[in-house]
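Working notes for the structure below.
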Amino acid sequence: MKYLILMLLGFNLSYLFAQEVRFSSDIAPIIYTKCSYCHQKNGAAPFALTNYAEIAQNVMTILYAVSHDFMPPWKANDGHKYLNYRGISDEELTKIKTWVKEGYKNDKTSWVYKPEKHKSFDENEKPDLILKMNEAYTLRTDGTEDFVSFIFHPKINSPKLIRKIMIKPGNKKAVHHARLELDEIGIFDKIANGKDFFYTHTILDSMVTTTSKIAFYVPGLNYLKFPKNTGILLNPNTTLALHLHYAPMYSEAKDQSEIWFYFDKQNDSTRKITCEAKTMMDNKVKIPPNLITQLTYNCTRFEDSVTILAVEPHMHLIGKSFSAWLIYPNQTDSLELITIPQWDFNWQEFYFFKKAVIAPKGSFIRLNALYDNTSNNPKNPFYPPQEVNFGAMNTTNEMLGLLVQFLIYQKGDEKIDFSQKY
Ligand code: HEC
């Protein structure tokens with residue numbers, strides 16, 4: 001009997017090793033689902049990976065990028081905890097390595113990427129509301145980045161529940177990243193002072209906790225879709241601000257971006273998502289030059305039990321690493337919410353949990369961050385390094401915060417599995 005098992009095992013193993021990695025059945029499906037939605041004509045990435053020729057032409061940089069965790073872009077540890085994880089698995093990595101080593105042969109030349117087969121967001125679905133910049137904004141051409149916020153007043157008569165949002169950059173080459181914020185107390189209108197845009201470095205830090213940031217755009221990722229029966233409330237008198245970070249431009253360019261909204265039909269079971277910024281607001285803190293500084297901050301406690309859907313870490317340019325922990329009311333138990341080992345200011349997004357995280361009443365979030373204010377940090381905006389102020393929106397100041405999207409807890413929420421399709 002033992003002998004038979006060994007024989008079977010041996011047979012299976014040799015069968016496994018003899019299996020060839022094929023382009024059509026092994027490689028193309030990985031590239032087309034994990035890479036091509038960014039790497040396509042007019043996509044976010046600088047070159048296309050939509051057929052064999054394009055893949056073969058870039059094969060060595062692809063191998064390098066996937067082996068060094070550089071592509072697909074993903075910043076958080078422990079990716080499998082999040083719905084929006086877009087990394088590749090160890091098995092997929094092994095397949096790519098083997099295929100390249102064996103001479104990256106093609107067994108089916110007709111394979112091409114078909115974008116419509118890999119869409120997770122149906123752009124043909126008619127939005128309920130489109131907000132578009134009044135006129136095209138002319139970008140600076142002096143090769144410096146530009147931060148501009150555009151103001152919108154949605155013309156709606158009654159409160160709406162947003163179930164999907166899409167930020168559509170007018171000029172994909174120019175829009176580096178974007179953030180959408182709701183303001184119900186008129187701070188943005190005050191700053192804009194009658195105009196429909198303002199430069200972001202004039203924003204006051206008071207707004208940080210009184211507005212809610214609800215959506216992001218980073219290259220290749222332009223929409224947010226909330227779980228079934230949940231949404232963000234949009235009241236008629238709300239002001240929306242779309243904060244745009246424009247890449248450095250050297251020749252004339254314009255941008256006229258849009259925001260598309262999809263509303264839910266509200267009923268008794270729909271639940272409102274709250275977006276709250278848990279932010280360290282201490283203007284007396286200074287980050288000294290030529291040092292790496294660690295900051296730990298205990299955010300305010302949750303006054304009700306809440307069900308956390310998503311978190312979004314926030315720091316500015318000299319941020320080096322970030323982590324956030326949920327500390328339970330007994331103060332000894334904790335749960336890691338997110339760790340970003342290599343902070344990247346240009347890649348900020350919401351991280352959606354697969355399984356709802358329950359934060360009981362009285363629990364709080366602890367933030368840990370490192371700031372590298374030395375000249376070894378290529379992202380340091382000052383040379384030589386200078387003392388950096390804390391708590392203001394200007395990107396050359398620093399911040400420490402976590403945006404949290406949550407629902408008021410209901411019995412049974414611990415069983416919610418958001419990864420189930422709906
Ligand atoms: C969410 C969008 C996105 C996805 C998904 C993505 N890429 Fe990229 N990729 C980019 C962008 C943007 C760049 C340009 C470099 C940058 O800005 O970081 C890039 C650059 C690259 C580069 C060039 C790196 C260099 O050193 O210049 C390679 C190779 C690459 N990607 C391969 C891949 C592969 C292979 C996959 C899938 C396994 C993938 N990418 C998935 C957006 C993406």
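Just so you know, all these numbers are worked out from the coordinates, no wet-lab data involved. What you are looking at is a predicted structure, and each value in this text was computed from that prediction instead of being measured. Please note: Cβ atoms are built from the backbone with ideal geometry, for glycine as well, and neighbour counts cover all protein chains shown.
A few comments on the model shown:
- Total formal charge among the other residues, if their Cβ is under 13 angstrom from that of residue 35, Lys/Arg +1 and Asp/Glu -1: 0
- Length added when fully stretched, residue 53-residue 252, from 0.36 nm per residue minus Cα-Cα: 68.3 nm
- Three-way shape call for region 73-136 based on the alpha-carbon gyration tensor, with the a/c threshold at 1.5: oblate
- The ranking of 47, 261, 147 by Cβ neighbour count inside 10 Å, starting from the fewest, reads 47, 147, 261.
- Amide hydrogen neighbours beyond the local backbone of residue 271, cut-off 5 Å, H modeled: 230, 231
- Global form of region 28-121, assessed from the alpha-carbon gyration tensor, a/c cut-off 1.5: oblate
- Exposure proxy order (Cβ contacts within 10 Å, fewest to most) of 160, 81: 81, 160
- Translational D in µm²/s for the chain (Stokes-Einstein at 4 °C, 1.567 mPa s, Kirkwood Rh from C-alpha pairs): 55 µm²/s
- Under Karplus coefficients 6.51, -1.76 and 1.60, residue-wise ³J(HN,Hα) of region 281-294 in Hz, glycine/proline x: 10, 10, 6, 7, 6, 10, 9, x, x, 6, 9, 9, 10, 9
- Each of 315, 280, 60 was scored by other Cβ atoms within 10 Å of its Cβ. Listed from fewest to most, they are 60, 280, 315.
- Additional length obtainable on full extension of the chain from residue 105 to residue 332, 0.36 nm per residue less Cα span: 76.2 nm
- Converting phi to 3J(HN,Hα) with the Karplus coefficients 6.51, -1.76 and 1.60 and the offset θ = phi - 60°, region 52-66 yields 4, 4, 5, 5, 4, 5, 10, 4, 6, 5, 4, 4, 5, 5, 6 Hz in sequence order, with x at every glycine or proline.
- Rg/Rh, computed from the Cα trace of region 122-271 with Rh as the Kirkwood radius, has the value 0.97.
- In this simple spin-label approximation, residue 301 and residue 199 carry label points 7 Å from Cα along the Cα→Cβ vector, and these lie 4.5 nm apart.
- Pair-distance profile P(r), taking every C-alpha pair of region 54-180, with 5 angstrom steps and integer %: 2, 6, 11, 13, 14, 14, 14, 11, 7, 5, 2, 1, 0
- Put simply, the amide H of residue 220, placed in the peptide plane, has neighbours under 5 Å in 44, leaving out anything fewer than 5 places away on its chain.
- Rounded to whole numbers, the Karplus 3J(HN,Hα) couplings from phi for region 227-236 are x, 3, 6, 10, x, 9, 6, 10, 8, x Hz, using 6.51 cos²θ - 1.76 cosθ + 1.60 with θ = phi - 60°, and x at Gly and Pro.
- Approximate spin-label separation residue 344-residue 285, in nm, with each point projected 7 Å along Cα-to-Cβ: 2.5 nm
- Comparing region 209-344 with the 2.2 N^0.38 Å rule of thumb, its C-alpha radius of gyration ratio is 1.31 (two decimals).
- For region 262-321, the percent of C-alpha pairs falling in each 5 Å distance bin, counted from 0 to the bin holding the largest distance, reads 3, 10, 18, 19, 14, 11, 9, 6, 5, 3, 1, 0.
- Rg/Rh (Cα only; Kirkwood hydrodynamic radius) as it applies to region 266-363: 1.00
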